[in-house]
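The values are calculated or read from the model by the stated rules, or taken from the named source; none is laboratory data. None of the values given here were measured: they were computed from a predicted structure. Backbone-built Cβ (ideal geometry, glycine too); neighbour counts: all protein chains shown. With ligands, DNA and RNA removed, areas are computed over all heavy atoms of the protein, side chains included. Shrake-Rupley method; radii C 1.70, N 1.55, O 1.52, S 1.80 Å.
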Amino acid sequence: MAKKQIDAKTTDVISAQPRLHQRAGEIQRYGTVNHLLPLELEEPVRLEMTAQLNQLLADTMTLRDLYKKSHWQVAGPTFYQLHLLYDKHYDEQVELVDSIAERIQLLGGVSIAMAADVAETTQIERPPRGREEVPVQLSRLLDAHQVIIREVRTLARRASLLGDDGTNDLVVSEVLRTNELQVWFLSEHLVNVPLIKAKEPTVTAGAA
Ligand SMILES: [Fe+2]
C-alpha cells in the first residue's frame, strides 16, 4: 500500500487521540487586509488604517508593560499609592489593547501580538531591566503617553478624512481620553509642593 493511502487511512480514523504538534502555512499574512468586506470602506483605506492602528497597538502594549514594570519595581514613601495607581492604569491600557487589536481584525487586517514583534515596532524608548527611582518611572511613563497621544491625534484626523468614522471614534473616545486622564494623574506627582509645612512667603527688605 502506498504511504499516502496509509496516511489518509490513519488520519481518517475516529479517535480520542489529540492531534499534537501541528504546523501549517499562515492563512493571512501580516500587513494585508481581506479584499471583500461589507463595511463600505475601500481596501486601500483599510490597509492604511490597519497599518497605523498596528503602530498604535505596539506602543500601547509597550506602555501597558511599562506600567506593570513600574507597579512591581516602585520604591519609596509613595510606594503604596503608586503601586495601586500603576496597576489601575495598566488595567485600563489592557482594555485599550484589546479594543485596538479587535478594530484591526474587524477591518480585515492582522493585529500585531507577540512581544518580540512589538519590541521591533514600538517607538517608545526601552527602559533598563533594573529598578529606577520614582521621578524617572513617572517621566518614562509620561514620555510614552506623549508618543501615543501624538500619533492618536494624527490618526484621528486621517481616519476622519478617509471616512473611517469607527476608527476615529475609537481612538478619540477611548484611546485619547484615557491617555489624557492618565497623564493628569501622573504629572500631578511631579509637582514639587511641601508635604507637611507650607512655605511661608519671604519678606523682602524695606517692605512695610
Ligand atoms: Fe500586582
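Yes/no per residue for (1) at pLDDT 95 or above; (2) polar (S, T, N, Q):
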{"site": "Val134", "(1), (2)": "yes, no"}
{"site": "Arg153", "(1), (2)": "yes, no"}
{"site": "Arg157", "(1), (2)": "yes, no"}
{"site": "Leu161", "(1), (2)": "yes, no"}
{"site": "Gly166", "(1), (2)": "yes, no"}
{"site": "Val171", "(1), (2)": "yes, no"}
{"site": "Val183", "(1), (2)": "yes, no"}
{"site": "Ser187", "(1), (2)": "yes, yes"}
{"site": "Glu200", "(1), (2)": "no, no"}
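When region 54-83 is examined, which residues are found to be touching a residue at least 60 places away in the same chain (Cβ under 8 Å) and within 13 Å of the ligand (Cβ to nearest atom)?
The answer is Tyr67, Ser70, Gln73, Val74, Leu82.
Does at least one position in region 15-33 carry a residue that is over 18 Å from Arg158 (Cβ atoms), open to solvent by 60 Å² or more (accessible area, probe 1.4 Å) and either among the acidic types (Asp, Glu) or within 16 Å of the ligand (Cβ to nearest atom) (or both)?
yes
Would you mind stating whether Ala115 is under 14 Å from Leu56 (Cα atoms), open to solvent by 60 Å² or more (accessible area, probe 1.4 Å) and under 19 Å from the mean Cα position of the chain (by Cα)?
No.
Taking only pairs six or more apart or across chains, which ones have beta-carbon atoms under 7 Å, a first residue in region 84-100 that is within 15 Å of the ligand (Cβ to nearest atom), and a second residue that is open to solvent by 60 Å² or more (accessible area, probe 1.4 Å) and not in a helix (DSSP H, G or I)?
Taking only residues 6 or more apart or on different chains, not a single pair turns up.
Restricting to region 137-185, name every residue that is of a type in the set (Ser, Thr, Tyr) and under 23 Å from Leu39 (Cβ atoms).
Thr154, Ser160, Thr167, Ser173
Taking region 147-177, which residues are without any contact (Cβ under 8 Å) to a residue 40 or more places away in the chain and over 17 Å from Asp59 (Cβ atoms)?
If the condition is that a residue be without any contact (Cβ under 8 Å) to a residue 40 or more places away in the chain and over 17 Å from Asp59 (Cβ atoms), then Arg157, Ser160, Leu161, Asp165, Asn168, Asp169, Ser173 are the ones that fit.
Any idea how many residues of region 98-111 are under 12 Å from the mean Cα position of the chain (by Cα), surrounded by fewer than 21 Cβ atoms within 10 Å (Cβ to Cβ) and of a type in the set (A, V, I, L, M)?
1
Of the numbered conditions (1) closer than 23 Å to Ala159 by Cα; (2) open to solvent by 60 Å² or more (accessible area, probe 1.4 Å); (3) within 16 Å of the ligand (Cβ to nearest atom), Gln123 fails exactly one; give the number of that condition.
All conditions pass for Gln123, except number (3).
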